[in-house]
Amino acid sequence: MLEAIKYSPDSGLHILDQLLLPKSSEYIKLCNIDDGFKAIKTMQVRGAPAIAIVGMLSLAEELKSLSFTCSDEMISRMSQRLSYLCTSRPTAVNLSNASQQVLTLARDNRDLPVSELRMKVVNFAIDMLKKDVDDNKAIGQFGAEAIAKICATKRVRILTHCNTGSLATAGYGTALGVIRSLHKKGSLEMAYCTETRPYNQGSRLTAYELVYDGIPSNLVCDSMVALLLQKKSISAIVVGADRVAANGDTANKIGTFQLAIMAQYFNVPFYVAAPLTSVDFKLNSGDGIVIEQRPEEELACIGGVRIAAEGISCWNPAFDVTPAALITAIITEKGAVAPGNLLTLKT
Ligand code: MRU
């Protein structure tokens, strides 16, 4: 399996530099929160779960390199550095959810000696790596079952958007995990992935993963989707999420909303596959989700070469919000539920 994130307490934290894929596969070492911030902001690592895991492992590496006179000093440093880290990319909720959890863990254990408290934080980050893979496999299983239930055909054709696979998570993936599960069961006829303009996570990363795993697949560009739905009997569209509000409204990669609108027009089921770490139960609806704006060059250039006319300004939002009404079900590690029933999964 492709590994976007490699961690061991001895050799430290290494990430696969996703800006270099698919041309070359190179790992870089991250030693502290400044390294983690830069890797997340520049998208050397991306995908909501992967961002959170790399953030927590960067914190663990930073704490290992520092000494503190008392636990309160360590907790105050954690709080300040995590606030900074969370400004790297604002839309995905996983990083701020994880930051809140690790701070609560540290505050609940403030009476421990510094060395033991530090180990608790390191273990929290290591556990996230493992839990994410387990959650993704469960999402894959629930997703494959949900699709089998509604599809008359034995072998299905699935369209996905952006990259939600091993590269966007600790491994296996969410929406791409559903595709992997269908393939493993022999129920996948074809996976279609969009190019995902402007930054091409589909053609650079998802296409790479699909080929790497030998999954039958076709790449389409984003403007081909209506024709694809009209001509190719697509069984379902499955996408990931960066932040799901309590009512099921879902922020995901720009272009997701228009896919959902097309799915409704063609009567194709539209699924969001996401772990509960991507759900923001504090937000009642998607109206409050902050949409990240990315640099103009990511739209105007491809591979560092300018393709847009000189002098034109660009509007480059990285995500959009799909209203819950367009979503058939949200597939989580606890099962697939209609968006309106998401609150039943809150722990
Ligand atoms: O800008 P990116 O590449 O981080 O956007 C990624 C997505 O939108 C994914 O669909 C989402 O993070 C889920 S990844 C399991």
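Segment 174-190 and segment 41-67 have Cα centres spaced 29 Å apart. In order along segment 300-311, phi translates into HN-Hα couplings of 7, 10, 10, x, x, 9, 5, 10, 8, 4, 4, x Hz, rounded to whole numbers, per the Karplus curve 6.51 cos²θ - 1.76 cosθ + 1.60 with θ = phi - 60° and x for Gly and Pro.
Near K185, which aspartates and glutamates are there with a Cα under 12 Å away, not counting those fewer than 8 places off in the same chain? Answer for K185, where 12 Å is the Cα cut-off: E145, listed by chain and number.
Between 0 and 90 degrees, the angle of helix 48-64 with respect to the longest Cα principal axis of the chain falls at about 10 degrees. Across every direction, the projection of the convex hull enclosing the Cα atoms of segment 221-282 has a mean area of 4.4 nm². Our summary gives the chain a relative contact order of 17 percent, counting only alpha carbon pairs under 8 angstrom and 6 or more residues apart.
Principal-axis analysis of the Cα atoms of the chain puts helix 175-184 at an angle of about 70° to the longest axis. Computed on the Cα atoms alone, the convex hull of segment 137-345 gives a volume of 118 cubic angstrom per residue. Within the listed set V121, V225, V211, the residue fluctuating most in the Gaussian network model of the chain (springs between alpha-carbon atoms under 10 angstrom) is V211.
Carbon-plus-sulfur accessible fraction, the chain (probe radius 1.4 Å, protein heavy atoms only): 54%. Checking the cross-link pairs K29/K131; K184/K346; K120/K184; K41/K232 against a 32 Å limit on the alpha carbon distance flags K120/K184; K41/K232 as lying beyond it. Charge dipole (Cα centre; +1 on Lys/Arg Cβ, -1 on Asp/Glu Cβ; no other charges) of segment 1-154 amounts to roughly 440 debye. Taking the Cα centre of segment 137-345 as reference, the dipole from Cβ charges on Lys and Arg (+1) and Asp and Glu (-1) amounts to some 880 debye.
Here segment 101-163 and segment 201-237 have alpha carbon centers that stand 25 Å from each other. In the chain, the longest principal axis of the Cα atoms and the axis of helix 71-85 are about 30 degrees apart. Probing with 1.4 Å while keeping every protein chain in the model, the per residue accessible area of the chain equals 43 Å². Taking all protein chains as they are arranged and a probe of 1.4 Å, the heavy atoms of R306 leave approximately 90 Å² accessible to solvent.
The values are calculated or read from the model by the stated rules, or taken from the named source; none is laboratory data. All figures in this text were calculated on a predicted structure; none of them were measured in a lab. When we count neighbours, we look across all protein chains shown, and the Cβ atoms used for this are built from the backbone with ideal geometry, even at glycine. Ligands, DNA and RNA are excluded from the accessible area calculation, which covers all protein heavy atoms including side chains. Shrake-Rupley method; radii C 1.70, N 1.55, O 1.52, S 1.80 Å.
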